[in-house]
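**Student:** A single structure is presented below for examination.
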Amino acid sequence: MTDLLTAVSLMFIVMGPLLLIANRFDLPTVPFFVLAGLPLGFVIDLDLTLELAQYGIALLVFSFGIGIDVSAVRTVIVDSEIAALGQILVVGTLGALLGIAFGVAPTEALFLGVAAALSSTIVGTALLNSRPNNNFVRDRLSRSIHFVQDLLAVLFLLLLAAGTIAPGPLATVVGYGVALLVAAILINQYLFDLIGRLAGDSSELMILGVVSLLVLFVGAAELAGISIAVGAFAAGLAVRHDPVEYLGLFNGLKSIEDFFVAIFFVTIGALVTVPFIELGWIPSVEKLVLAGGLVLLTAVVKPAVTTAILIYQGYEARSATLTSLNTDQVSEFALIIAIEALLLGYLTQNVFDVIIFAAAVTMVTSSLTQRYDEQLYRALAERGLVDSRHGKVDDWSTAPAEMSGHVIIVGYGRQGQRLVETCEELGQPYVVIENDPARRETVTDQCAAVVVGDAMERYTWEKANVEEARIIVSTAASDVVSRRILSFEFDTDVTLRANSRTTAMELLDAGALYVTHPKILAGQRLVQQIQALIDGDLTPAELREEQQSELDTLAEHLPPHLR
């Protein structure tokens, strides 16, 4: 225990100054976490580092299980299954062949294929959650792909625990894993709310109850002889619930998650065997070449394969590309699979070092590609490597080519639907631009003129006949989309939506006619309601009824996964 506390203390001592630098210059933190781990690999024992990595990954897998929102990915789950499976088949096969080409034994080459194929839920989710609005099509696709891959990784861990291909042992470990997952679902459905009622308003008691469930599932996994990550994943599914209903609990768990995210990335750095320092020249070159091939497969080939599959399935190029850039790293599940294989003797230290090195590199590069994903997509599109003119826009759109004097409405959420209703009441022609698969059927059924395409692409605006439009009204809660619309420099007046006062001022200075700000509008609405109560124009009962009606309307306008 003393050694463990010393190791964690050293991690945070080294991490602190580096994080201050990252914060001061607004830089991604992941590279600094990994960098902090490099010198620690020389002073912390390897066995202790592996133990920290195992438990750190297990706790992060637990956090991922908690955050799974099946309803949020339901509209893209079939597409993501195909993308995830296709990605694993193609990239995994290439990874295994790469290892065999470099003289790695076929059994070990299999683990290289796993490392190349699986993507990191931790990195992907952390980057998604860093955005103000993380419910775009690409975000739901990314979450769904990670979810499918993690389920396959859990199955692989169970097979690894069996240690044989004999039907009996395989059936036993898979049965244990399925039993844990079934128990988790039953607890989530029938016992979790009971724990909440017993805890009352005490968030501390809820956290204690949840941690007890985690210990119970991890202990059950160890007793069954399977990976603790499987038990932690099942525990997360047992706790998965509405964050709003248990806000104190999930805020507390978020702090725990942040702590172990830091530990995870530092241990990755600590596990890296530094070439030319800890190894001689020839072994260093050999490992770097093999690791370089694995990095190339993970950071370049895998996103390319994912993009191609999603475009083939009907997604426009931008959503497909941005989704794929959220899968360009080695998965934490691949790492725990590699650790388990190393401890069981299925993987040599040399191949393990290659996987760790590739993981460290791709987790650093992934934080950068996510930061500059829009710029990367634009560069690819301008060079013709991805075709921004998507054929499905023509197939699904219903906007007449000869329209003029119309209003272009970007987004068919609550605000978009109200704008459509107003246009129809006034007899004003309009065109709706929407690319969310969850709304595609609704918008095409309910609106007279629709362009099913990405507002970030010029061809979408050509389909909407923007040059003849009277005004553009964007309801998209994305500063990136707002800035992109202004960059087209249309002659038509543009009204936009901003997430902050500073951005609203920037958009106005850049040429927007008007910029809506949700907080300002909400404040104005509240003032109007209070003034109506004071003046006697509105009774409390009428105000309550009006609010209930608005909430019902909001539920009708939102897609199912947001209700």
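**Student:** Would you work out what percent of the accessible area of segment 188-307, with all protein chains in place, is carbon or sulfur (probe 1.4 Å)?
**Tutor:** 68
**Student:** With θ set to phi - 60° and the Karplus curve 6.51 cos²θ - 1.76 cosθ + 1.60, what are the ³J(HN,Hα) couplings of segment 437-442 in order, to the nearest whole Hz, using x for Gly and Pro?
**Tutor:** x, 5, 10, 4, 5, 5
**Student:** Just to confirm the filter: which GluC sites (Glu not before Pro) across segment 370-465 are DSSP coil and have at most 13 other Cβ within 10 angstrom of their Cβ?
**Tutor:** Counting only loop positions with at most 13 other Cβ atoms within 10 Å, the GluC sites (Glu not before Pro) in segment 370-465 are E402.
**Student:** Excluding ligands, DNA and RNA, what is the solvent-accessible area per residue of segment 346-475 at a probe of 1.4 Å, expressed in Å²?
**Tutor:** 44
**Student:** In the neighborhood of D45, defined by Cβ-to-Cβ distances under 13 Å, what is the net charge if each Lys or Arg adds +1 and each Asp or Glu adds -1?
**Tutor:** Residues near D45 contribute -3 overall.
The values are calculated or read from the model by the stated rules, or taken from the named source; none is laboratory data. Predicted model, so just to flag it, every value in this text is computed and none were measured. Glycine gets a Cβ as well: all are built from the backbone with ideal geometry, and neighbour counts include every protein chain shown. With ligands, DNA and RNA removed, areas are computed over all heavy atoms of the protein, side chains included. Shrake-Rupley method; radii C 1.70, N 1.55, O 1.52, S 1.80 Å.
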